[in-house]
Structure formats: structure tokens, C-alpha cells
Amino acid sequence: MPLFPSISAAMQGMLDERELIEGTCACDAGQMNRSHPSADRATRWHVLPTGEAIDDYAFAEVARLAGVALASRDVFRIVLAGGNTPRNLYRKLRELETDWSRWEVYFGDERCVPPGDVERNDRMAFETLTAHVPIPPERIHVIPAERGPIDGANEYARALSGVGDFDLVLLGLGDDGHTASLFPGDDRAMMAHAPDVLPVFDAPKPPRERVSLGATRLSRTRAVLFLVTGGSKRDAVLRWRQGQAIPAASIRCPGGVDVLVERSLFEPND
């Protein structure tokens, strides 16, 4: 029986090709984040042949988690990642059969540039997903980073006040090990009790000023999916697997973290 009955046979074939590299526990594709309590804080590495296969796998998991949430809690709270990696996934999600009116969309981080700027994560999400599906505008919670790191962080923290756990957090991995706008050298990324939203003043790549959810708030979720593609991420993947304290490794939710990674990043570097 297919792991995800609603997806195509071709997509199912891609999912069947994936390998699961165990961190501290294992689960199959249909059991992500339903681990035994002893598996809390596990990192599960799902090795897939291509970036397209990663998008297909992630699509199926978003569909499953949205279905579970809407059946039991009447709302699906998702945190969207920025950058280039999730673009194709967001385009695929336009095809999803779901009650979009009950989605609540948040963002993991944002650059302190004017609204509509090509550098903004919310613009990328708008162009690839949110402009194409009927999510009510009031349920799309953009980060007001145009107000600067401090005011933007404070306002988004107020917007998150009273919001419960997320259902799914989507994240990427930078070549230096960063995720969202939590960069190496910023001790706040590793704090057990970091503020929900952090102002960032000195990001190592432009724009230097940003607003980011903290590791603790990103970890308050029922599921985490990292999407990792591109040869430049090989060293960051290796350091994470070796147990080094990169910012991405600070994201730990009770059900464990699932990392979808291209197979080439696990192969020896000739």
C-alpha cells in the first residue's frame, strides 16, 4: 500500500527510493514525528536522490500534517522558510486539496528591507504560493521587518503572543550551518530560553539587519522539516551529523526533526 495514497505513482516511486539515516531513532515516511517518547529530540536524515524528490516528499508530508491538524484542531499553523530552496515546493503546494481558509501562515525570518522588496521572504512566498491560493489575508502573518530589527521583532512577538504550538515549521540550511536568521557566533541561537523573536543586527551576508524567530519558538511545533539541497551545504551537513553545535542543530521539537537531504551531500567529496 502506498505511503501516501493521494500522490501519484511516479511520486511514490521517488519516496520509495529514499534512505533513512538514523540519528537517535528511526521512523518510516508514514510515521514522521509519531515517535515513542524515548525518541524525543531525534534528528532523522531522509536521503533522497534529487531536489525534485525532496519537494515531492515534503509535499506529501505537508498534505498529511495539514489533514491531521484540520481534522483535530480546526487550524493548520505553518511556518514558511525563505531562500531559494523551498520555491518549487511552494509552487507544488498550489495543487494541494485542502481548506485553505483554515491555514495560518507565519514566517521563520525576514530581512529588514521595504515591503515588496525582492529580498523579502514574504514576497517570494507571495509569488510562489500565497497569491495563488485562497488563504484569507488576515491569516498570513508577515514579519514587519521594514520597521527595523527591534521594532519588527517586538511587533511580531506581540503577534505570536497567545499562539499555540505550530503544526509544521519548514526550514533550510545555510552553507555556514545557519537556519532562519540564526547565524554561527550568535549565542542566542543556542539558548534554551531564547526570546520568541530576535532582532538581528550583524548577519554575515546582506542585508545585515533582520528579524528571526528564536530557536525555542521554532521548536514549539509538532513537526519540523529541513529542506537541504545544493553542493555548498555539504560541509554544514557533515558538521551537523558529527554533532557540532551549528545553529540548525538547536531546533529540537518533542517529536524529532526530519531533514530531507540530497544523496550527493552524503557521498564522499572527491
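Here, each number is a calculation from the coordinates, and none is a lab measurement. Please read these numbers as outputs of a predicted model, since none were measured by experiment. We place every Cβ from the backbone using ideal geometry, glycine too, and count neighbours over all the protein chains shown.
Here are a few things to note about the model shown:
- Every residue from region 61-75 that is out of contact with any helix residue (DSSP H, G or I) (no Cβ under 7 Å at 6 or more places or on another chain) and either aromatic (Phe, Trp, Tyr) or under 15 Å from residue 170 (Cβ atoms) (or both): 61, 63, 64, 65, 66, 69
- Total residues in region 171-185 satisfying the condition of being of a type outside the set (S, T, N, Q), on the phi < 0 side of the Ramachandran plot and crowded, with 24+ Cβ neighbours inside 10 Å: the figure is 4.
- Considered as a group, the residues in region 212-235 that are of a type in the set (Gly, Ala, Ser) and closer than 25 Å to residue 113 by Cβ include one that is surrounded by the most Cβ atoms within 10 Å (Cβ to Cβ), and that residue is 212.
- For residue 139: the one exception among (1) under 19 Å from the mean Cα position of the chain (by Cα); (2) surrounded by fewer than 22 Cβ atoms within 10 Å (Cβ to Cβ); (3) under 27 Å from residue 52 (Cβ atoms): (3)
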